[in-house]
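Asks: Below is one structure. I have some questions about it.
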Amino acid sequence: MKTSEESRVEHAIEVAKKAHEGQFRKTGEPYIIHPLAVKKILEDWGMDEDTIIAGILHDTVEDTSLTLDDIRKDFGESVAFLVDGVTKLSTARTGMRDIDTYLPATRDNFLRLMIALGDDIRVLIIKLADRLHNIRTLSALPPDKQRKIAKETLEVFAPLADRLNMGQLRVELADLSFKYVDPKRFNELKNLITRHNKSAEKSLQKIKTEISAALKKEKINFEISGRVKSVYSLHKKLAKHNQNINEIYDLTALRIIVDDVTDCYLTLGIIHSLYTPMNGRIKDYIAMPKQNGYQSLHTTVITKDKHIVEFQIRTHAMHEYAERGLAASFYYNEQKLTENYKEGKIEHLPTNLLWITELQTTAARLREGKKVDLKKLKLNLFADKIFVYTPKGDIIDLPTGALPLDFAYRLHSEIGDHVVGVKINGKMSNLNKKLEQGDVVEILTSKNQKPNTSWLSRIITSHARHKLLHRLNRSSDNMIKQDKNPKK
């Protein structure tokens, strides 16, 4: 006999099949393949029944004749609420900014994004599942669309997965996207990792044997495995270390999973008794978790054979959260978490999810028609980005450490070329001042101003550097022409 849950899910599949009938994906497959794939992903993440049903129906309101009222009637308010949220998020995301041309997001689109995220974080999880399947099947699209979607995934969706501590998802989204954004570099790094892991295989096996013997002697229950570094993660690390592979110490890594926190620290002590720990490479993310809730002990050691190896030590629960993040929180704490959302008991959310409450509070105020001061809003979804404003309220996202000239060239090359000064938060400032989250930036220009080579030390973004070098080269060419044709 079928359970009620099976009946609801199967009914959702039938509704979706009927709604998407006659629609096909770029692969040539019936469109229903996509929502069924999203369903499977959400099930693998351990999401609740309403989220799975909403995942099956997530494209129906946007792409078919099915309405929210139809969904509400068949599946209840909760499912309709989630489908509506995914539809809003799709609309808001489309208007955030054009990845290729760096057009700024409008205030309205940003507010819609806030509302979509703030209503129920499960909306975002459905959207991430949707994006994961789309990126897995990206090869069916034309090359220009492949690159655009892959770049958006790298810049928006992979950081969101990281912010939710969904480690497996972040790695897959980033690596699949990077393969399309820079295929040559992707293959180079993938081959490098393969060669390195092959050469380190014997030494790793020896270390695993030594560690296993020591842990068994102390009667510690454990699981030990190798951890393969992702291609995109290596790409980012090499960029930080001037492409010096010798400064990347976690290419070879072992992960040890134990029963409890006490065993984590005992294991760390055993590792340090066997090998020499590297100075400054011991990190206690158990006592001081990362902002996204990640917990683990990390240590990098030098073995007797002079091999450098990183260890990650964590409990089973920490490992589950490191891999599945927020989805794992819903799996283990679904009822309490969902009730807290609906009842507004935001103070009872787990500490690592408190950042969500700011989105939730903002959404509630917007729905009530109340004013929201976005300048005071601390948006922490993108850990390595800041959001600053034009005097008219347009939002510009820049990397952390960006300077006023980066901002000016992001607005338009003509603005960047003629900068004479900057006001930050209404006060005159200088072009060497790093911009901070929420700053209101006003660029002052003059038609008589021309860029010069000293500006190269006052920018950090490749976009601004490219625009500036282009202008400097043009100016240089013009001067050469004038020298060759002096006025009589």
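Just so it is clear, none of the values below were taken in a lab; they were calculated from the coordinates. All figures in this text were calculated on a predicted structure; none of them were measured in a lab. Positions of Cβ are backbone-derived with ideal geometry, glycine not excepted, and every protein chain shown enters the neighbour counts.
Asks: Measuring from a point 7 Å past the Cα of residue 192 along Cα-to-C-beta, which residues in segment 452-476 have an amide N at less than 11 Å?
Replies: From segment 452-476, the list is empty.
Asks: Between residue 437 and residue 214, what length in nm is gained on full extension when 0.36 nm per residue of separation is reduced by their alpha carbon distance?
Replies: Length gained between residue 437 and residue 214: 75.5 nm.
Asks: Which percent of Cα-Cα pairs in segment 193-330 sits in each 10 Å bin, short to long?
Replies: So the P(r) values, bin by bin, are 11, 41, 37, 11, 0.
Asks: Can you compute the FRET efficiency between residue 260 and residue 7 using 1/(1 + (r/R0)^6), with r the Cβ-Cβ distance and R0 = 35 Å? Round to the nearest 0.05.
Replies: 0.30
Asks: Counting Lys and Arg as +1 and Asp and Glu as -1, what is the net charge of the other residues whose Cβ lies under 13 Å from the Cβ of residue 418?
Replies: Residues close to residue 418 contribute a combined charge of +2.
Asks: Another question, if that's okay. Give the distance, in whole Å, between the Cα centre of segment 33-81 and the Cα centre of segment 211-250.
Replies: Spelled out, the Cα-based centre of one part sits 39 Å from the other.
Asks: Next up: Just rank 45, 455, fewest to most, by other beta-carbon atoms within 10 angstrom.
Replies: Listing 45, 455 from fewest to most nearby Cβ atoms yields 455, 45.
Asks: Starting from the amide H of residue 444, placed 1.01 Å from N in the peptide plane, find each other amide H under 5 Å away whose residue is 5 or more places distant or on another chain.
Replies: Under 5 Å from the amide H of residue 444 lie the amide H atoms of 420, 421, 422, 423, each far enough along the sequence or on another chain.
Asks: Could you please rank 431, 444, placing first whichever residue has the fewest other Cβ atoms within 10 Å of its Cβ?
Replies: Ordered from fewest to most neighbouring Cβ atoms within 10 Å, 431, 444 come out as 444, 431.
Asks: Restricting things to alpha carbons, find the Rg to Rh ratio for segment 385-484 using the Kirkwood radius for Rh.
Replies: Taking Rh as the inverse mean 1/r over Cα pairs, Rg/Rh reads 1.01.
Asks: Can you list the HN-Hα couplings for segment 148-153, worked out from phi with the Karplus curve (6.51, -1.76, 1.60; θ = phi - 60°), rounded to whole Hz and with x for Gly and Pro?
Replies: 5, 5, 5, 5, 4, 5
Asks: Here are some pairs, 184/208; 427/447; 151/208; 217/306; 216/283; which of them have Cα atoms lying more than 28 Å apart in this structure?
Replies: The answer is 184/208; 151/208.
Asks: Here's another thing I want to ask about it. Between residue 33 and residue 201, how high is the FRET efficiency from 1/(1 + (r/R0)^6) when r is the Cβ-Cβ distance and R₀ = 41 Å? Nearest 0.05.
Replies: On the way: r = 38 Å, r/R0 = 0.94.
For R0 = 41 Å, the calculated efficiency reads 0.60.
Asks: Mind listing the phi-derived Karplus ³J(HN,Hα) values for segment 440-457, rounded to whole Hz, using 6.51, -1.76 and 1.60 with θ = phi - 60°, and x for any glycine or proline?
Replies: Rounded to whole hertz, the list is 9, 10, 10, 8, 9, 10, 9, 4, 7, 6, 10, x, 9, 5, 5, 5, 4, 8.
Asks: Using θ = phi - 60° and the Karplus curve 6.51 cos²θ - 1.76 cosθ + 1.60, what whole-Hz ³J(HN,Hα) does each residue of segment 224-233 get, with Gly and Pro shown as x?
Replies: Values per residue, Gly and Pro as x: 10, 8, x, 10, 8, 6, 6, 5, 5, 4 Hz.
Asks: Which cross-chain or sequence-distant (5 or more) residues have an amide H under 5 Å from the amide H of residue 227, H modelled 1.01 Å from N in plane?
Replies: For residue 227, the qualifying residues are 253, 254, 255.
Asks: Please list, in chain and number order, the residues 5+ apart from residue 278 or on another chain whose amide H is under 5 Å from its amide H, with Hs placed from the backbone.
Replies: Hits under the 5 Å cutoff: 300, 301, 302.
Asks: Over the residues of segment 132-224, compute the C-alpha Rg and express it relative to 2.2 N^0.38 Å.
Replies: 1.51
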